[in-house]
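Only the coordinates and a few stated rules stand behind these numbers; no lab work does. From a predicted model like this one, the values you see are computed outputs, not experimental measurements. Heads up, the Cβs are rebuilt from the backbone with ideal geometry, glycines too, and the neighbour counts pull from every protein chain shown.
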Amino acid sequence: MNEVAVLEVGREALWVVLKVAGPIMAAGLVIGLTIALFQALTTIQEMTLTFVPKIIVIFASIILFLPFMMRTVVGFGNSLFDRIVALG
């Protein structure tokens, strides 16, 4: 395996990480901004108000996006295995 192939695998791996983690991180960001805006408008500064909704939304987004995440990771694994077979 030459340097170009290693860089290509690394680039694909980073892209897979972004695709898998992106929707969950975006959901956490949106709910965090929403709660922060709500707290700023109502002057409620309760610490637990930020954690509970974030946890619920992140778990819900994991359940919602799990099929997409699995397809992405399995596809990447299959492409890696195909590359390994092609080398041998």
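So which residues in region 24-48 are of a type outside the set (S, T, N, Q), loosely packed, with under 14 Cβ neighbours inside 10 Å and either in a helix (DSSP H, G or I) or out of contact with any helix residue (DSSP H, G or I) (no Cβ under 9 Å at 6 or more places or on another chain) (or both), if there are any at all? Full working, then the answer.
So in region 24-48, the residues of a type outside the set (S, T, N, Q) come out as 24-33, 35-38, 40-41, 44, 46-47.
Okay, now just the ones that are also loosely packed, with under 14 Cβ neighbours inside 10 Å, so 25-26, 29-30, 33, 36-38, 40-41, 44, 46-47.
The answer is Met25, Ala26, Leu29, Val30, Leu33, Ala36, Leu37, Phe38, Ala40, Leu41, Met47.
Being under 13 Å from the mean Cα position of the chain (by Cα) and closer than 19 Å to Gln39 by Cβ is the filter here, so list the residues in region 49-70 that pass it.
Ile58
Scan region 32-48 for residues that are hydroxyl-bearing (Ser, Thr, Tyr) and within 20 Å of the chain's Cα centre (by Cα) and report the count. Before you say what the answer is, go through the steps one by one.
So the first thing to find is which residues in region 32-48 are hydroxyl-bearing (Ser, Thr, Tyr), and the list is 34, 42-43, 48.
Narrowing the set further to residues that are within 20 Å of the chain's Cα centre (by Cα) leaves 34.
So the count comes out to 1.
Please verify whether Val85 is without any contact (Cβ under 8 Å) to a residue 40 or more places away in the chain, exposed (fewer than 12 other Cβ atoms within 10 Å of the Cβ), of a type outside the set (Lys, Arg) and out of contact with any Leu (no Cβ under 7 Å at 6 or more places or on another chain), treating the condition exactly as stated.
Details: without any contact (Cβ under 8 Å) to a residue 40 or more places away in the chain: yes; exposed (fewer than 12 other Cβ atoms within 10 Å of the Cβ): yes; of a type outside the set (Lys, Arg): yes; out of contact with any Leu (no Cβ under 7 Å at 6 or more places or on another chain): yes.
So Val85 passes the test.
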